[in-house]
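The values are calculated or read from the model by the stated rules, or taken from the named source; none is laboratory data. All of these numbers come straight from a predicted model, not from anything done at the bench. Cβ placement follows ideal geometry from the backbone for every residue including glycine, while neighbour counts extend to all protein chains displayed.
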Amino acid sequence: MRPLAGSAAYLLFTVGLIGTGILGVPVLTGCSACVVEKTAAWRRTLEDRPLLSRKFSNSIEAAMLLELVLNFVGFNAVEMLFYSAVLNGLLAPPLILLVVLLTSKSERLKRRGKVSENPNKEKGNG
């Protein structure tokens, strides 16, 4: 970057790094609020007005407050990201295997009414 920007390269890098960090905060809070919303089956989104989706808005506010508290208590955000990636790497293979095992036998899905006996009947081909 230095050949293009000269001595301003350090400033551009710093502004880009800080800007990226600032963009990450609303993304993380929005994602955590959406996870809470899906888990609790609230049927609300970020497009709703805050007064219409009070629980959803409160979960966004709680996530932001938790992030602030973790920051001021002294937790290292980069270290927490590293450990969450390690945890994700450890948990993903068994969870993928579980999903494959649960969905591989159509009898299990038929009992729950998720698979029809003849899929061509629904399309009008059978």
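Please verify whether Val27 is at pLDDT 80 or above and either touching a strand residue (DSSP E or B) at 6+ places or on another chain (Cβ under 9 Å) or under 30 Å from Ala5 (Cβ atoms) (or both), treating the condition exactly as stated. When the stated conditions are applied, Val27 passes them.
Got a number for residues in the stretch 4-44 being within 22 Å of Leu81 (Cα to Cα) and of a type in the set (Ser, Thr, Tyr)?
In the first step, residues of the stretch 4-44 are kept if they are within 22 Å of Leu81 (Cα to Cα); the result is 13-36.
Filter once more, so that each one left must be of a type in the set (Ser, Thr, Tyr): 14, 20, 29, 32.
Residues in the stretch 4-44 being within 22 Å of Leu81 (Cα to Cα) and of a type in the set (Ser, Thr, Tyr): 4 in total.
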